Each structure stands twice: as C-alpha cells, then as structure tokens.
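Enquirer: Please see the structure below; I have some questions.
Computed from the coordinates by the stated procedures, all read-outs in this text should not be read as laboratory data. Model, not experiment: these values are computed from the prediction. With ideal geometry, Cβ positions are generated from the backbone for all residues, glycine too; neighbour counts draw on all protein chains shown.
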C-alpha cells in the first residue's frame, strides 16, 4: 500500500536491486520531489480536468495544429508515417491527447509506450483503454528507465521545456533511440522582451500556488483575453519596433497583446474551459524554458541528429530528426 492508501500490485526490480512499485498496472519509476514535484502536480491536475479538453472543438483544434507543425497533410499521413516504426515512445504523453492521432493506425506487431512524470499517466491509461499493444510508465524524461536504443521513434510534444534542462531531456531521449530512428519534438521559442518579462513575473506568482488555487486565480486573465478578442479591432504598426520586438504589420488587438505583452489566450471555438486550459498550461508549471532557433539547431548537431523537418512559429519550434 502506498501513501495514498492504494494497493501496490507488485514491484519491478531494476538495476542495482532497486524495487519500483506497480500501481494500477503501471510501473512507477518516480518518487517525485524537489522542483519536479511542482511540475508533476501541475500537469497531473491539468489533465485530470477532462472537461477542459475532451470536447470535439478542442480535439479538432489540437489535431490540426499538431499536423500542421509536424508537416503532415492529414491524420492518415501521420498514421502512415508512424506505421514505419516498430517501437514508439511518447515522452510526456499527458492524458494521451496527441497520441490518439497516431494510435488509430497502430498495427498488431507494433508497440507504443506512453510515459509521463505525473499522475496524468493514469488518465492516459483510462482514455486509451482497449487499444492493443499500449503500455504506460510513470517516469522522468531525464531518467528514462529503458535500455539504450530501445525505440525506433520517440515523440515528445511540448514537454522537454518543462524539465529542469531542455537540452538534457533531449539528450536523454536520444540515448534510448535506435540508430536511424526518428525523434519528434516541440519546444517553446523566446518571445518579445516585454512578453518574456510578463511571463516570468506571472509564473513566479502562479507556480507557487496549489493547482486548484492557480486555476481560479487565472480565471480573470482568461476573461480579459475573451474581452480583448471581443473588441474585433485591428492595429496598424507602420514600422518595426525593435525595442519591443514588434514587426510592422496589421494586428488584431488581442493578438498584438498576446504575442508581445502577455499571454492572454482566447479561442471562440474552445470557449472558457479550453482557453483556460491553455493559459494554465503556460503559467502554472515552474519550468517553461524558451529557446532560440540557434540553440535548437545546435542541440541537434551536438547530438548527431539530422533534421528532416523544422517548423518555426512564433510560439515555438517543431523538429523531426533522425539519429546518426
């Protein structure tokens, strides 16, 4: 029995005679403490609020964004791509949101392993129940409990920057990727200077709160984003403003503020719960590193990765690369 009173079904003996519990059918390679405990609590809470992301509108919005930045025309082309790999690891799978797109095409001779630091792994197991050849593990991306070169493909959507070291987490992934295998990942991009300042200021205040309190505290922020979006007005910026990181052009007022001053996300399609989900995802986790294109490309070169797809957006960088 663990601290919560749940019955431990067994123990898994690992290297060094360390025994890890198996709870609800999932090996647990974590005793999360220190800074990582806040990140685990944040994402465990976020993915437990299934009403904020399980609607068809959120699923459609997320799927389209995912396909576009990874360079696939549609879900079938993504599934066909994953069909090439025998062993797939999804690092930071959360509740399985991004996994669903590729899992629909999983063959009987393929295997898929979902891994997450938080109790979101239990939500993923529940949501993906009944799909064959799926396994779930609770573990840290920086300390993966697998042998070297264990997987042919590794997918990590928006996760590496939520660890204590984005580059270190990527290196950890590559250590369990087979030669010639493919890694797919997305990391945040450095934003305009005032946006960076505001993000750090708000995160410092929000991340120290329990998830429930943080969710409630951020509700007015999401309401403000809705109000700004409701203005439906454009701003013409006549020339570049280098000091603020603003390029010349025409901006919707909500998006001008969003990209350059504070992340106030709003989508009419997602509504309050879905938009709140996105804002919470940004401000509550303690770690949310932002990077430059030079950094990301440098990591790939250092780790002997050949980039086959690189998507650059204002939000971040999406990479598909093969291991030498």
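Enquirer: Before anything else, pin down the relative contact order of region 46-187: Cα pairs under 8 Å, at least 6 apart, normalised by residue count, whole percent.
Expert: Values: 237 pairs, mean separation 30.4, N = 142.
Over region 46-187, the number comes to 21 percent.
Enquirer: Between residue 133 and residue 19, 0.36 nm times their residue separation minus their Cα-Cα distance comes to what?
Expert: Working: separation 114, 0.36 × 114 = 41.04 nm, distance 2.47 nm.
Extra length available between residue 133 and residue 19 comes to 38.6 nm.
Enquirer: Specify the residue with the greatest mean-square fluctuation among 145, 220, 238, computed from a Gaussian network of the chain linking alpha-carbon atoms under 10 Å apart.
Expert: The residue with the greatest mean-square fluctuation here is 238.
Enquirer: Further question on the same structure: Just need the relative contact order of region 193-283 here, percent rounded to a whole number, with Cα pairs under 8 Å and 6+ apart. Could you put the intermediate results ahead of the total?
Expert: Working: 105 pairs, mean separation 33.0, N = 91.
Taking the mean separation of contacting Cα pairs over the length of region 193-283, I get 36 percent.
Enquirer: So for the chain, averaging the separation of alpha carbon pairs under 8 Å that are six or more residues apart and normalising by length, what relative contact order in percent results?
Expert: Values: 590 pairs, mean separation 59.1, N = 324.
Computed value for the chain: 18 percent relative contact order.
Enquirer: Okay, moving on. So what is the calculated 222 nm ellipticity per residue for the chain, using -39500 (n - 2.57) for each DSSP H run with n of 4 or more, over all residues, to the nearest 500 deg cm²/dmol? Walk me through the intermediate numbers first.
Expert: Numbers: 12 runs with 125 residues, N = 324.
Here the helix-only value at 222 nm equals -11500 deg cm²/dmol.
Enquirer: Between residue 292 and residue 76, how high is the FRET efficiency from 1/(1 + (r/R0)^6) when r is the Cβ-Cβ distance and R₀ = 35 Å? Nearest 0.05.
Expert: Working: r = 34 Å, r/R0 = 0.97.
After rounding, the FRET efficiency stands at 0.55.
Enquirer: In the Gaussian network model of the chain, springs joining C-alpha atoms below 10 Å, which of 246, 26, 257 carries the largest mean-square fluctuation?
Expert: The residue that fluctuates most here is 246.
Enquirer: Hey, can you rank 275-286, 115-126, 307-318, 226-237 by average C-beta count inside 10 Å, highest first?
Expert: Working: 275-286: 21.7, 115-126: 23.4, 307-318: 15.3, 226-237: 13.1.
Highest-to-lowest ranking by the protection proxy: 115-126, 275-286, 307-318, 226-237.
Enquirer: May I pose another question? What length, rounded to one decimal in nm, is gained on full extension from residue 308 through to residue 165, with 0.36 nm per residue of separation minus their alpha-carbon distance? Walk me through the numbers before you get to the answer.
Expert: On the way: separation 143, 0.36 × 143 = 51.48 nm, distance 2.37 nm.
Length gained, residue 308 through residue 165: 49.1 nm.
Enquirer: Where is the GNM fluctuation largest for the chain (alpha-carbon springs, 10 angstrom cutoff): 127, 189, 28?
Expert: The residue that fluctuates most here is 127.
Enquirer: Let me ask another. Provide the gained length on full extension for the span residue 84 to residue 255, in nm with one decimal, where the gain is 0.36 nm per separating residue minus the Cα-Cα distance.
Expert: Numbers: separation 171, 0.36 × 171 = 61.56 nm, distance 3.90 nm.
That works out to 57.7 nm of additional length.
Enquirer: Could you line up 162, 24, 260 from fewest to most neighbouring Cβ atoms inside 10 Å?
Expert: Numbers: 162 24, 24 16, 260 21.
Ascending number of Cβ neighbours within 10 Å: 24, 260, 162.
Enquirer: May I ask for the angle, rounded to the nearest 10°, between helix 219-231 and the longest principal axis of the chain, with both axes built from Cα atoms and the value confined to 0 to 90°?
Expert: 50
Enquirer: Continuing with this model, one more query. What whole-number distance in Å separates the alpha-carbon centres of region 156-231 and region 48-98?
Expert: Cα centres, region 156-231 to region 48-98: 18 Å.
Enquirer: I've got another one for you. Sort 93, 300 so that the residue with the fewest other Cβ atoms within 10 Å of its own Cβ comes first and the one with the most comes last. Write out the running numbers ahead of the final one.
Expert: Working: 93 28, 300 18.
The order, fewest Cβ neighbours first, is 300, 93.
Enquirer: If R0 is 25 Å, what FRET efficiency do you get for residue 232 and residue 50 from their C-beta distance, rounded to 0.05? Intermediate values should be presented prior to the final figure.
Expert: Numbers: r = 31 Å, r/R0 = 1.26.
So the FRET efficiency works out to roughly 0.20.
Enquirer: A further question on this structure: Roughly what angle does helix 293-302 make with the longest principal axis of the chain, taking Cα atoms, 0 to 90 degrees, to the nearest 10?
Expert: The angle comes out near 20 degrees.
Enquirer: Quick one: order 98, 37 by neighbouring beta-carbon count within 10 Å, fewest to most.
Expert: On the way: 98 24, 37 15.
Least to most surrounded, the residues fall as 37, 98.
Enquirer: Right, something else. Nearest 10 degrees, 0 to 90: what angle lies between the long axis of helix 56-70 and the longest principal axis of the chain (Cα atoms)?
Expert: That works out to roughly 90 degrees.
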